Amino acid sequence: MTRTNHDHTSTPGEPTWDIALLFPAQGAWSEDEYLALDVGRLVEFDNGHVEVLPTPSRSHQLLVFFFAKLLEAFLLRAFPGAIVMIAPHPVRLWAVKFREPDVLVLLPEHAGRSREEYCEQPDLSGPSQT
């Protein structure tokens, strides 16, 4: 649907089209456009489509944080230098597919797989909310 009315009024329940039109259409997103998003939400990417995930509940976040701390305590003894991260940090599964797992682990010998924007092939990841 092409929207031409830019009178800055809105109807309740209707998207704010002026904002929506600033972004690519679903199916037309590139990896670079996805990685440049800074929306303060968990957003995944699949073959040109962005998927906005629900905000995790408080109990979900507490469980993820508890699990990550236990995992990190174990890994730092068994694998000094291991990295444990929690969402949000995208994981590139393959070209045009990124997910936001709750927890991910990189062993020291694979630290080079982590970039500032995303991680490739973590040694452990899971689960995301989807």
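Residues within the reach of a label modelled at Val96 (point 7 angstrom out along Cα to beta-carbon, backbone nitrogen below 17 Å), restricted to segment 19-40, are 24-35. Helix 58-78 and the longest principal axis of the C-alpha atoms of the chain enclose an angle of approximately 30°. Here the spin labels are modelled as points 7 Å beyond Cα on the Cα-Cβ line, and at Asn47 and Trp17 they lie 3.0 nm apart.
Kirkwood Rh over Cα pairs of the chain into Stokes-Einstein at 4 °C, 1.567 mPa s: D in µm²/s? For these conditions, the coefficient is 77 µm²/s. Projecting label points 7 angstrom from Cα along Cα→Cβ for Glu109 and Gln61 puts them 3.7 nm apart. Between the exposed loop cleavage positions of the chain, defined as trypsin sites (Lys or Arg not before Pro) in a non-H, G, I, E, B DSSP state with at most 13 neighbouring beta-carbon atoms within 10 angstrom, the longest gap is 42-114.
Secondary structure note: in the chain, about 90% of the DSSP beta bridges are antiparallel.
Stretch Ala73-Ala36 to full length: gain in nm at 0.36 nm per residue minus the Cα-Cα span? The partial results should precede the final answer.
Working: separation 37, 0.36 × 37 = 13.32 nm, distance 3.25 nm.
Contour length minus Cα-Cα distance gives 10.1 nm.
Among the GluC sites (Glu not before Pro) in segment 61-130, those placed in a DSSP loop whose Cβ has at most 10 other Cβ atoms within 10 Å are Glu116. Taking a ≥ b ≥ c as the square roots of the eigenvalues of the Cα gyration tensor, segment 58-126 is oblate, since a/c reaches 1.5 or more and a/b is not larger than b/c.
No value in this document is a laboratory result; all are computed from the given coordinates. Source: prediction; values computed, not measured. Using ideal geometry, Cβ is built from the backbone for each residue, glycine included, and neighbour counts are taken over all protein chains shown.
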